[in-house]
Structures are given as C-alpha cells and as structure tokens.
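The structure appears right after this line, and notes come after that.
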Amino acid sequence: MSWFSTNSRQTWLQKLCVRVLKAGPIPKHIAFIMDGNRRFATKNSIDRAQGHLHGFNKLAETLEWCLNLGICEVTVYAFSIENFKRSKEEVECLMEIARQKFSKLLEEKEMIEKHGVCIRVLGNLTLLPLDVQEIIAEAVNFTKHNTRAILNVCFSYTSRDDICTAMRELASGVKQGHIKQSDINERVLEKCFYTSQCRKVDLLIRTSGEVRLSDFLLWESSYGVLAFVQVLWPEFSIWHLYAAVLHYQRNSQAVGIARDNNEVEIERLQQESDHSCVLQELEQTQLKGDNSIENLNLQSRIIEYAALREKRTQDFLNLLECRRKTYFEDLDNNRTKERCKC
C-alpha cells in the first residue's frame, strides 16, 4: 500500500474497520464520560478554558464517527451537579462555553435539520443561570421532532439527583391520587427519570483511565458494557471508539442475557403484585363462592386490575411529561419575547 498517501491509507483502514465491525452487533446507544479536559490543559500548558473547549470540539468529531458506524443515540456527561463545587471562575467558564456551543447549534439549524438530530438536555436545569436555561430550551424545542439521531446532553445532572427527583414525583403522584403505592415498580420509576425517553445504554465509555462512573447513568447502564480508556478525552481517537465497540461485541451476548432475565423477573414481580392486590380487594369486599367460580373471578379480576393499573400509571406519566415539555416551551417563549423587545 506504499502508493497510498497517509490520509488515503487512514481512510481505507477506517472503512475496512467499519465493515468488519458492522458484521457484528453495533450498540444503538453509547454514553460517554468525557474525562480529562483539565489534565489535557495541564499537559499542554494551556488554561482550563482551552482544555474544556478542546473537549467540546472532540465531542463534535466523535458524534460524526458514531453516525458513520450506525450508532443513532449518544449521551454525554457535560456537567455534573458536583461541578458546581469547583472554583467560581471555572464554573463561569463552563457556563460560557455552554452558551457559545448551544448558540452555535442554533446558528446551524439547516445542518441539524438535514441530519435529523434531536437534542435533549437532561438534568436539574433549574440550578443553571436563567439565560443558559433559555438557550437550552430553544435548542431542545427546535430539534424535538427530529428522529434520525439523538444527542442527550446530561447537564447539571447526577444519577442520585435523578433518582431522588423521580421518587419525589412518584410520592407526589400517590399523594394527589393519580397512582397507588402498589403501582410503583422499576418500570414506572425509570419512566420518571430525566432519561425516560432514552434507550437503555448498550456501551458506556469513560476516558482518562479512571474506572468509576462518577454518578452518571447508574441505573441506565446497569446492563450495559463498560469500557475504560486510558487516553484523555481531547485525545480520544476513532481507533479508541472502534476498540470500545469491539469490546462491546465480545460481551454483548452475556449482558443481553442478563438484561432479558431482569425483564422477566420484573414481569413476574408485577404479576405477583397484581395478584396480591386483587386478593386484598376480594377480602375487603368479603366475596364468597365455590372454588371454580372464585378462580374464574380471580383471573378476570386480575386482568381487569392490571388494565386499570396500566391506565393509571400512563395517565400519571403523561401529566409528568406534559409538565416537563411546558417547562421548555415557557423558557423558549420567554427568550423569544426578550428578543422581540430588543
């Protein structure tokens, strides 16, 4: 291959790798912990702001690699709630980069529409400055109907905060009579997460050599393949991505079996719960009859109870989703009004 230029050789090798990888299972949803921006800055004698900027630029490149592989959903850990504990200067720097990058996205609306990219921003956004909330809301609302590819940006996020928020939503739903305490199960809980619209994570990649999840997608990645890469995030390359996907392919079957077994167990527990709830209702109404009629009534009552439970929980989840959509729409409208005043 000596007649190839270096770039041509690289392109040829990349195409070959893509063909080989596509012969196996490709993860539908990859999550990234983009760690190492500050160490990259120190290593290259640049300030932290430049390190974070290099990190954001690497994200754009990585998304293109993922699309070329057929990976249609990507989630990134952009800003943890724990990051608010950093210095005021660094937090302000990260907020400013967020303003710039989301503004840049909105300047490229035609390109976003062309590629059909849906942007979701997940987290406790009320902790952010109002102007950052508003520009995020505009980006979310503008892209919400796109379906070809999805970019989930976890911003002002931790898993523990997400789980606690979901539990508060469920407690409020029970208190207001929208759902019953017995309606709550794993599936209902995860539908209250910020990530409720996301696929389960197939592959989670963390850079910089750290081997912990740092409170990121703990629930969603519990049946995903984990890959810890030694390289700092701004130095992450397409070859690191290929290696991680190959690692996923080697382990996906075992992980898939574990995930399927968990789904079966969830369904079994739900059936037991429905059976128990119906028996309690029968005891309370003191219904009696011969065994055959009682068994027939019990089965029909369980089916009826399950249908009513499904309706209750779905109505509750629809209310929650409506409230979250309204939050983004109100912020977007406020931003539009402010622009009109100017």
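Values as computed for the structure displayed
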quantity	calculated
Filtered residue count, segment 246-263, keeping only those that are out of contact with any strand residue (DSSP E or B) (no Cβ under 7 Å at 6 or more places or on another chain) and touching a residue at least 60 places away in the same chain (Cβ under 8 Å)	2
Residue ID - nearest to the chain's Cα centre (by Cα), chosen from residues in segment 154-183 that are buried (at least 16 other Cβ atoms within 10 Å of the Cβ) and either assigned to a strand (DSSP E or B) or basic (Lys, Arg) (or both)	CYS154
Among residues of segment 66-79, those that are more than 14 Å from the chain's Cα centre (by Cα) and over 19 Å from ALA243 (Cα atoms), counted	0
Lone unmet requirement of (1) free of Cβ contacts under 8 Å to residues at least 60 places away in the same chain; (2) surrounded by 15 or more Cβ atoms within 10 Å (Cβ to Cβ); (3) under 28 Å from ILE150 (Cα atoms) for PHE32	(1)
Test: residue in segment 260-272 that is surrounded by 15 or more Cβ atoms within 10 Å (Cβ to Cβ) and either modelled with pLDDT under 95 or in a helix (DSSP H, G or I) (or both)	yes
Failed criterion for ILE238 (all others in (1) over 27 Å from ARG38 (Cβ atoms); (2) over 21 Å from the mean Cα position of the chain (by Cα) hold)	(1)
Failed item, numbered, when THR42 is tested on (1) β-branched (Val, Ile, Thr); (2) more than 30 Å from LYS144 (Cβ to Cβ); (3) touching a residue at least 24 places away in the same chain (Cβ under 8 Å)	(3)
Positions within segment 318-335 being farther than 19 Å from LEU128 by Cβ and of a type outside the set (A, V, I, L, M), in sequence order	ASN318, GLU321, CYS322
Given (1) under 25 Å from the mean Cα position of the chain (by Cα); (2) among the charged types (D, E, K, R); (3) within 28 Å of GLN249 (Cβ to Cβ); (4) exposed (fewer than 12 other Cβ atoms within 10 Å of the Cβ), number of the condition ARG19 does not satisfy	(1)
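Let's see how each residue does on (1) touching a Leu at 6+ places or on another chain (Cβ under 6 Å); (2) surrounded by 18 or more Cβ atoms within 10 Å (Cβ to Cβ); (3) farther than 24 Å from SER156 by Cβ; (4) of a type in the set (Phe, Trp, Tyr):
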{"position": "LEU204", "(1), (2), (3), (4)": "yes, yes, no, no"}
{"position": "GLY209", "(1), (2), (3), (4)": "no, no, yes, no"}
{"position": "LEU213", "(1), (2), (3), (4)": "no, no, no, no"}
{"position": "LEU217", "(1), (2), (3), (4)": "no, yes, no, no"}
{"position": "GLN230", "(1), (2), (3), (4)": "no, no, yes, no"}
{"position": "TRP233", "(1), (2), (3), (4)": "no, yes, no, yes"}
{"position": "TYR242", "(1), (2), (3), (4)": "no, yes, yes, yes"}
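The values are calculated or read from the model by the stated rules, or taken from the named source; none is laboratory data. Just so it is clear, the model here is predicted, and its values are computed rather than measured. Here Cβ is always computed from backbone atoms with ideal geometry, including for glycine, and neighbour counts include all displayed protein chains.
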